Amino acid sequence: MNLVEVVEGRTRLIVPQEEKLTKKNPVFYNPEMELSRDISIAVARILKPREFCDLLAGSGARGVRVAKEADIPTTMNDLNPGAVELMRKNCRLNGVECRITRLDANQLLANERFEFIDIDPFGPPGRFIDSALHSLKNKGILAVTATDTSALCGTYPKACRRKYDSVPLRTDYYNELGLRILIGFVARNALRHEFGIQPLFSHCTRHYFRTYLRVVRGGHRVNDTLKNLNFIQHCFSCLWRDYRGINELSQKCHCGGRLETAGPLWSGEFADKEFCHSLEEELMNSEFNRGSDAVKLSSLIGPEQNIVLPYYNIHKIFKKMRKPATPMPDIMRHLAEKGFDAERTHFSGLGLRTNAKISEIIEII
Ligand SMILES: C[S@@+](CC[C@H](N)C(=O)[O-])C[C@H]1O[C@@H](n2cnc3c(N)ncnc32)[C@H](O)[C@@H]1O
């Protein structure tokens, strides 16, 4: 395996030169995930858990950084012996002592309890979620990555049903539905463990989704979680959409078009506004290579939570109206003048979040 040294944050890392996994190159390191790791370090610094478990640690890029840059006792685990060797090297290189295990992830979680568990798998996280919830302490944090975006976003609907027990829909806001299906899946699993969930921060970046959730025992949080598990109905004729409970689903839109349904999914806030604010401050004062991208992300995601209904793609609306597009700031100003909320979204540069109905947006345009 050819190795190179890279620097992320304040941490030096020895990683495989090749990104592609082969027999000769058996350990995984993806430089594109640096942004995700930068955010993890900031989250760990804010929350200061007593212990951090990097469940599928690979070269140890995330775990070593948490130990060094957030000063949190860290366990790193990976079944791959090559990965374990690299984790050891990276600990030595940075002068940090982490606990390193080479167990099947579910076996580690079956026998130990953690306050923060990070799940960063190849593809879907499904097969680790139940054990992670079994292992997590009350008020603990579960961080989950999913890279199988084509399943979650509706390109392969059967794969989504199989892996997430949910029906996706290829709408113009498909990536938001993907993230909501992922959170909904974790929430439904959490309920079986008598946990409710509180999303602290979630984002969709290029080829992956990532969510940080606090799991909390108690009737109040459990009931809140249940309330936020719903379906979405969408009309491809008039672009109307809304969340619906299972008993409120209908077949026909008020425009006469047919309503399509996706879900179950998470219909609540996918981040906590106050937490986004703390995250932004932490990221602004950081030494991260991808710090400014991360700040941009959290500064968009906080205000997005004012409107839980999925975003509108404004080009879709103009196309439907057969009109040339007006700049987004003008539309947002007109909506605000009429008393509606209007926000941008991190999901798309063409995305508009508003509490105005599609008919009201069209009228305003
Ligand atoms: C996407 S990589 C992790 C990347 C790493 N978190 C990072 O930031 O660089 C997934 C890792 O999970 C490990 N893995 C897959 N299945 C496992 C299992 N059942 N138990 C433990 N490790 C496993 C693989 O060896 C691989 O290193």
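Structural remarks
- Helices (runs of 4 or more DSSP H) enclosed by region 247-365 - at least 3 residues per element that are out of contact with any Leu (no Cβ under 6 Å at 6 or more places or on another chain) and within 28 Å of residue 215 (Cα to Cα): 273-284, 291-304
- The set of residues in region 130-154 that are β-branched (Val, Ile, Thr) and either within 15 Å of the ligand (Cβ to nearest atom) or loosely packed, with under 15 Cβ neighbours inside 10 Å (or both) comprises 144, 145, 147, 149.
- With respect to (1) touching a residue at least 60 places away in the same chain (Cβ under 8 Å); (2) assigned by TED's automatic domain parsing to the domain that holds residue 70; (3) open to solvent by less than 50 Å² (accessible area, probe 1.4 Å), the lone exception for residue 299 is condition (1).
- Single match in 248, 282 (criterion: surrounded by 14 or more Cβ atoms within 10 Å (Cβ to Cβ) and of a type in the set (D, E, K, R)): 282
- Residue list for region 187-200, filter: buried (at least 19 other Cβ atoms within 10 Å of the Cβ) and either among the basic types (Lys, Arg) or free of Cβ contacts under 8 Å to residues at least 60 places away in the same chain (or both): 188, 190, 196, 197
- Filtering 113, 161, 127, 92 for residues that are over 25 Å from residue 32 (Cβ atoms), in contact (Cβ under 8 Å) with a residue 12 or more places away in the chain and surrounded by fewer than 15 Cβ atoms within 10 Å (Cβ to Cβ) leaves a single hit, 113.
- Residue check, residue 153 touching a Gly at 6+ places or on another chain (Cβ under 9 Å) and more than 26 Å from residue 271 (Cα to Cα): no
- All positions within region 98-108 that are under 22 Å from residue 50 (Cα atoms) and either near the ligand (Cβ under 10 Å from one of its atoms) or without any contact (Cβ under 8 Å) to a residue 24 or more places away in the chain (or both): 101, 102, 103, 105, 106, 107, 108
- Candidates 220, 203, 207: the one that is open to solvent by 10 Å² or more (accessible area, probe 1.4 Å), touching a residue at least 60 places away in the same chain (Cβ under 8 Å) and not acidic (Asp, Glu) is 207.
- Taken together, the residues in region 18-57 that are free of Cβ contacts under 8 Å to residues at least 12 places away in the same chain and either over 19 Å from residue 291 (Cβ atoms) or more than 9 Å from the ligand (Cβ to nearest atom) (or both) amount to 4.
- Verdict on residue 127 being away from the ligand (no atom under 14 Å from the Cβ) and either more than 20 Å from the chain's Cα centre (by Cα) or modelled with pLDDT of 95 or more (or both): no
- Candidate set: region 193-246, residues that are assigned to a strand (DSSP E or B) and small (Gly, Ala, Ser); chosen: the one nearest to residue 347 (Cα to Cα): 202
- For region 312-365, the set of residues classified as small (Gly, Ala, Ser) and under 24 Å from residue 296 (Cβ atoms) consists of 325, 336, 342, 348, 349, 351, listed by residue number.
- Any hit, region 80-88, residues being under 24 Å from the mean Cα position of the chain (by Cα), more than 12 Å from the ligand (Cβ to nearest atom) and surrounded by fewer than 20 Cβ atoms within 10 Å (Cβ to Cβ): no
The values are calculated or read from the model by the stated rules, or taken from the named source; none is laboratory data. None of the values given here were measured: they were computed from a predicted structure. Counting neighbours? That spans all protein chains shown, and the Cβs are built from the backbone with ideal geometry, glycine included. The accessibility values were calculated without ligands, DNA or RNA, using every heavy atom of the protein model including side chains. Shrake-Rupley method; radii C 1.70, N 1.55, O 1.52, S 1.80 Å.
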